[in-house]
Amino acid sequence: MSSKSSNESNSDLPKSPFWEEPDALALREGFWLPTCLLDSAASFRQNFQAREGDVVLASPIKTGTTWLMAIAHSLLHKPKSNDANNADALASNNPHSLVPTVEFELWSPTTTVNIFDPTSPRLLHTHLPFSLLPASLSASKIVYIARGPEDTLISMWHYFNAVAAPVPLEKAVECFCSGAHPFGPFDRHVAEYWLETRRRPEKVLFVKYEDMKREPGREVSRIAEFLGRPVAAEGEVEEILWRCSLERLKNLEVNAAGHAAYFRKGEVRDGKNYLTPEMGDRIHRSVGVKLEALGLFFSDRR
Ligand code: PAP
């Protein structure tokens with residue numbers, strides 16, 4: 001994290017194509033950011049003033065962001081049983097509408113999110129790497145969700161093939177291993193937050209998608225404790241898990257149009273259904289080993 005502003009002009013930054021779009025990404029301080037977000041990312045870093053109680057969710061792309069948004073929002077805005085109007089917000093809002101991704105929303109002329117809303121706690125999300133966050137967030141709690149590289153890549157491939165001109169899997173593997181994808185390189189993004197959680201576990205919580213799938217109750221309780229909203233009532237964790245489940249959210253009308261690509265299979269080791277062993281080895285050599293060297297293992301491979 002740094003308060004130092006970047007003196008580089010956007011046009012000086014190295015550019016890369018992504019999927020079929022030329023110059024879609026620009027390399028800032030070692031990370032490939034979507035070119036269209038360079039200004040808002042810089043403005044966020046320079047101008048954002050965190051407030052006490054702010055909670056920031058952070059993630060690379062396609063690692064469980066939507067699920068984490070739904071869970072964190074449910075924990076911080078528990079419906080009160082005696083308030084008939086305080087219905088489950090997820091029933092009528094996509095999780096991305098409830099938790100703004102700062103670099104997408106903050107300075108967008110069409111945003112409907114008021115980030116300067118004085119009510120606390122503010123719940124925000126970012127795909128930005130830790131080193132590009134505003135300095136004032138150093139006092140805030142951050143919940144980071146990561147996922148194994150093979151499953152992340154396959155999720156990314158399906159997502160971008162659904163929303164943009166499709167590319168063959170070989171090209172997607174090449175792109176992932178080179179690190180030139182939105183907010184990549186993946187290993188560096190994950191490593192920064194992993195090292196930070198080890199330095200400051202009271203401020204940065206590291207969650208793995210695979211753990212959420214295997215032991216969802218334990219992981220939701222861990223997130224709740226970390227956020228200072230422990231789940232005490234019997235059945236509360238189960239209720240939140242049901243509300244936030246892929247099966248439920250995917251079938252809600254609010255998530256059908258425009259948001260359908262966020263909800264797919266949600267399975268661990270789905271990468272194995274698409275990647276050849278050679279592709280898996282390549283991803284492991286380019287990405288996995290760097291994380292394993294830091295003591296970080298994901299169960300999508302083994
Ligand atoms: P984003 O980066 O565009 O926000 P993100 O939500 O991080 O996407 O990741 C999407 C993945 O999470 C999808 O995985 P898949 O492609 O392997 O299926 C999606 O299905 C999964 N996902 C979305 N919502 C949920 C949920 N409620 N529970 C479990 N997995 C979910």
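For the chain, which whole percent of the accessible surface, found with a 1.4 angstrom probe, sits on carbon and sulfur atoms? Don't skip to the answer; put the middle values down first.
Values: 7200 of 13710 Å².
Carbon and sulfur: 53 percent of the exposed surface of the chain.
Across the range 113-176, counting alpha-carbon atoms alone, Rg and Dmax equal 16.7, 47 Å.
R0 = 22 Å: FRET efficiency of Ser221 with Ser245, Cβ-based, nearest 0.05?
Rounded to the nearest 0.05, the efficiency is 0.85.
Per residue, the average separation of C-alpha pairs within less than 8 Å and at least 6 apart gives the chain a relative contact order of 24 percent. Rg/Rh for the range 22-292 (Cα atoms only, Rh after Kirkwood) is 0.94. Taking a ≥ b ≥ c as the square roots of the eigenvalues of the Cα gyration tensor, the range 203-250 is oblate, since a/c reaches 1.5 or more and a/b is not larger than b/c. Describe numerically, in nm with one decimal, the distance between label points set 7 Å from Cα along Cα→Cβ at Glu29 and at Glu170. Modelled inter-label distance: 3.8 nm.
When DSSP beta bridges are limited to those with both residues in the range 22-292, what percentage is antiparallel, rounded to the nearest 5? Working shown, then result.
Working: 5 of 19 bridges.
Rounded to the nearest five, the antiparallel share is 25 percent.
Considering all C-alpha pairs of the range 235-302, those separated by over 17 Å amount to 61%.
Summed over qualifying helices (DSSP H, 4 residues or more, each -39500 (n - 2.57)) and divided by its residue number, the chain shows a 222 nm mean residue ellipticity of -10000 deg cm²/dmol. Ligands, DNA and RNA are left out, and with a 1.4 angstrom probe the accessible area of the chain is 45 Å² per residue. The alpha-carbon of Lys290 sits under 21 angstrom from the alpha-carbons of these lysines, leaving out residues fewer than 8 places away in its chain: Lys62, Lys208, Lys272.
The values are calculated or read from the model by the stated rules, or taken from the named source; none is laboratory data. Just so it is clear, the structure is predicted and the values come from calculations on it, not from any experiment. No Cβ is skipped: glycine too gets one built from the backbone with ideal geometry, and neighbour counts run over all protein chains shown. In case anyone asks, the SASA skips ligands and DNA or RNA and just uses the protein heavy atoms, side chains included. Shrake-Rupley method; radii C 1.70, N 1.55, O 1.52, S 1.80 Å.
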